[in-house]
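The values are calculated or read from the model by the stated rules, or taken from the named source; none is laboratory data. Values in this document were obtained by computation on a predicted structure and should not be read as measured data. For neighbour counting, all protein chains shown are included, and Cβ atoms are generated from backbone atoms with ideal geometry for every residue, glycine included.
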Amino acid sequence: MISVIIPTYNNEGFVSSTISFLKTHAYTRLLKEIIVVDAGSTDRTLAEARAAGATILRSMRKGRSVQMNLGAECATGQILYFITPGTTPPANYCNEIVRSYQKKNYLGTFTMEPNQGHWLTKALSWYMNVKQKYSRLENQSLFVDRELFVKAGGFHEDLLMMEDHELVIRLQRYSRFDIIRKSVQTCANGFSGHRVFRTEMSYMLSFWLYENGISTSKIQKLYSILAGERKQVVPQVEPELSASFN
C-alpha cells in the first residue's frame, strides 16, 4: 500500500539506518516497497542502500524534485511517502499514515523533532509544529495519494528549494493537509545546536521570502550563505526523465 521514496546523493552513513528503521518498524502488509533514487553518489550510499534491501533507481539528472518524481513514476503503492536519509519516522509510521488516509486525508506529514537536545532547536521545532504553515517539509517527510500526486503534476522540477511546500499548496485544492501529531526525528549530522538553529532559522526566512514572491534561485543563494550549506542545484538539461535500475 505504501511506497517509500528516498532521494539520495552522497548520504553514506545515513541511508542504511533510515532504510533499516523503515523496514523493521513497518507492518509488512502496509509497506509495499522502499525505493532509493540516487543522483550519482560517489561514496557508499548505493552499497548501503542495496545491502539494506532497498530497490535502487539511478537518476540521470540531479535535483530532489527530479529524483522524487522519478521515484513516484516507478512506485506501485497507493500511497507515496517521501523521506530523506537521516530522518526517522515514528515507529508506527505505516499505521499512522494509513489511519490518516482512511479519514480521507490524502496528504500530510508528521511533526518534527530534531534528535539534538539544544533548547534553541527544541523551541524552534515547537513553534514550527504549532504554526502549520511553517511545518518543516523539506528534508523531512511527506505522504500523498499517488493518483492525487499525478493529478497535481508532481514536483515542479525547476524549483531549487521549497518544492515540497509548493506541491502542498497545489494539492490542498483536492485534500486537507494533515499534520499527524507524532514526531519524526531529523539528524543534526553532528552539528552544534547553534548550527542547527541557524539552519532552521534560515529555512524559516527562506519560507517567508518564498511566500512574498522572491525567486527560489535568489532564496537558495541567501540560504546557502546564512546556513553555511549548499543545496543540490538542478542543472538546465532536457526535460525528459531518464533512469536505470540496479
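In the set Leu46, Leu70, which member is touching a strand residue (DSSP E or B) at 6+ places or on another chain (Cβ under 6 Å) and either in a strand (DSSP E or B) or more than 22 Å from Asp158 (Cα to Cα) (or both)?
Leu46
Does the stretch 60-80 contain any residue that is within 21 Å of Ile169 (Cα to Cα), at pLDDT 95 or above, crowded, with 18+ Cβ neighbours inside 10 Å and over 16 Å from the mean Cα position of the chain (by Cα)?
Taking every residue of the stretch 60-80 in turn, none turns out to be within 21 Å of Ile169 (Cα to Cα), at pLDDT 95 or above, crowded, with 18+ Cβ neighbours inside 10 Å and over 16 Å from the mean Cα position of the chain (by Cα).
Please verify whether the stretch 7-17 includes one or more residues that are part of a helix (DSSP H, G or I), touching a helix residue (DSSP H, G or I) at 6+ places or on another chain (Cβ under 8 Å) and over 17 Å from Lys182 (Cβ atoms).
yes
Restricting attention to the stretch 92-108, and to residues there that are in contact (Cβ under 8 Å) with a residue 60 or more places away in the chain and aromatic (Phe, Trp, Tyr), which single residue is nearest to Thr28 (Cα to Cα)?
If we take residues in the stretch 92-108 being in contact (Cβ under 8 Å) with a residue 60 or more places away in the chain and aromatic (Phe, Trp, Tyr), then Tyr93 is nearest to Thr28 (Cα to Cα).
For the stretch 115-170, how many residues are at pLDDT 75 or above, part of a loop (DSSP other than H, G, I, E, B) and more than 20 Å from Gln67 (Cβ to Cβ)?
Total satisfying the criteria: 0.
Of (1) surrounded by 17 or more Cβ atoms within 10 Å (Cβ to Cβ); (2) in contact (Cβ under 8 Å) with a residue 40 or more places away in the chain; (3) farther than 17 Å from Ser141 by Cβ, Pro89 satisfies all except one. Which?
If we test Pro89 against (1) surrounded by 17 or more Cβ atoms within 10 Å (Cβ to Cβ); (2) in contact (Cβ under 8 Å) with a residue 40 or more places away in the chain; (3) farther than 17 Å from Ser141 by Cβ, just (3) comes out false.
Would a scan of the stretch 171-190 turn up a residue that is assigned to a helix (DSSP H, G or I), out of contact with any Pro (no Cβ under 6 Å at 6 or more places or on another chain), surrounded by 18 or more Cβ atoms within 10 Å (Cβ to Cβ) and at pLDDT 60 or above?
So far as the stretch 171-190 goes, yes, one or more of its residues are assigned to a helix (DSSP H, G or I), out of contact with any Pro (no Cβ under 6 Å at 6 or more places or on another chain), surrounded by 18 or more Cβ atoms within 10 Å (Cβ to Cβ) and at pLDDT 60 or above.
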